[in-house]
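Trainee: Pasting a structure here, questions to come.
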Amino acid sequence: MAKFIFKMQNILEIKRKLEDQAKSVYAEAIHALEIERGKLQELEEKKELYEDRLTDMMLESLHIHEICRMENAIEVMKYKIQEQLVAVRKAERVVENARQALHAAMVDRKTYEKLREKEFETFKLEVNAQEKKEIDELVSYQFTQKAKVAEL
């Protein structure tokens, strides 16, 4: 039986590798996004802690210097939170770009796999036709041989 050879097998393999690379880039982008979100969460918790300390200080004896320092710390945390929000948005854009690249790579790979499947189906039909032709020739040959033997 004939062996099936897909002419674009090399391209299909490259497309598969590109898809794998896109998957790893996407996974790294998601991981980076989670890290940025974790940093944001930590900053928000720190800000809440500072706000609680400030409230406690105001309820206790008034230490103006400490209260001012805590208010400044809260403002710094608000600023850092804003910066971190920007970093989170940037990481989200990176994730979205990686997702789109992965989708494109998957579409390319699937296109070549469908081409391969169609070519394989055509190959099977050709092999079947060839086998039927060979069987018909064999049957015709055997029939003619029996007819020649019967004439003798």
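The values are calculated or read from the model by the stated rules, or taken from the named source; none is laboratory data. Not measured: the values here are computed from a predicted model. Cβ sites come from the backbone with ideal geometry, for glycine too, and all protein chains shown count toward neighbours.
Trainee: Among the residues in the stretch 38-51, are any under 26 Å from A104 (Cα atoms), of a type in the set (F, W, Y), touching a residue at least 12 places away in the same chain (Cβ under 8 Å) and crowded, with 16+ Cβ neighbours inside 10 Å? I'd like the intermediate steps shown before the answer.
Mentor: Restricting attention to the stretch 38-51, the residues satisfying the condition of being under 26 Å from A104 (Cα atoms) are none.
Scanning the stretch 38-51, I find no residue that is under 26 Å from A104 (Cα atoms), of a type in the set (F, W, Y), touching a residue at least 12 places away in the same chain (Cβ under 8 Å) and crowded, with 16+ Cβ neighbours inside 10 Å, so the answer is no.
Trainee: Could you check how many residues of the stretch 80-93 are surrounded by 15 or more Cβ atoms within 10 Å (Cβ to Cβ) and either polar (S, T, N, Q) or in contact with a Gly (Cβ under 9 Å, 6 or more places away or on another chain) (or both)?
Mentor: Number of matching residues: 1.
Trainee: A further question on this structure: All but one of (1) exposed (fewer than 14 other Cβ atoms within 10 Å of the Cβ); (2) within 30 Å of E34 (Cα to Cα); (3) not small (G, A, S) hold for E121; state the number of the condition that does not hold.
Mentor: Failing condition for E121: (2).
Trainee: Got a number for residues in the stretch 94-118 being within 15 Å of the chain's Cα centre (by Cα) and exposed (fewer than 15 other Cβ atoms within 10 Å of the Cβ)? Give the steps one after another, and end with the answer.
Mentor: Taking the stretch 94-118 as the starting set, the residues that turn out to be within 15 Å of the chain's Cα centre (by Cα) are 94-110.
Now restrict to residues that are exposed (fewer than 15 other Cβ atoms within 10 Å of the Cβ): 96-97, 100, 103-104, 107, 110.
Number satisfying all stated conditions: 7.
Trainee: Okay, next question. Between residues in the stretch 128-147 that are farther than 27 Å from K3 by Cβ and in contact (Cβ under 8 Å) with a residue 12 or more places away in the chain and residues that are of a type in the set (D, E) and surrounded by 10 or more Cβ atoms within 10 Å (Cβ to Cβ), which pairs lie under 7 Å by C-beta distance while being six or more apart or on different chains?
Mentor: Sorted first by the residue in the stretch 128-147, then by its partner, the list stays empty.
Trainee: Which residue, of A73, A91, is modelled with pLDDT under 95 and not basic (K, R)?
Mentor: Details: A91 fails: modelled with pLDDT under 95.
Sole residue among the options that is modelled with pLDDT under 95 and not basic (K, R): A73.
Trainee: Only one residue in I14, I30 is assigned to a helix (DSSP H, G or I), closer than 28 Å to Q84 by Cα and out of contact with any Gly (no Cβ under 7 Å at 6 or more places or on another chain). Which one?
Mentor: I30
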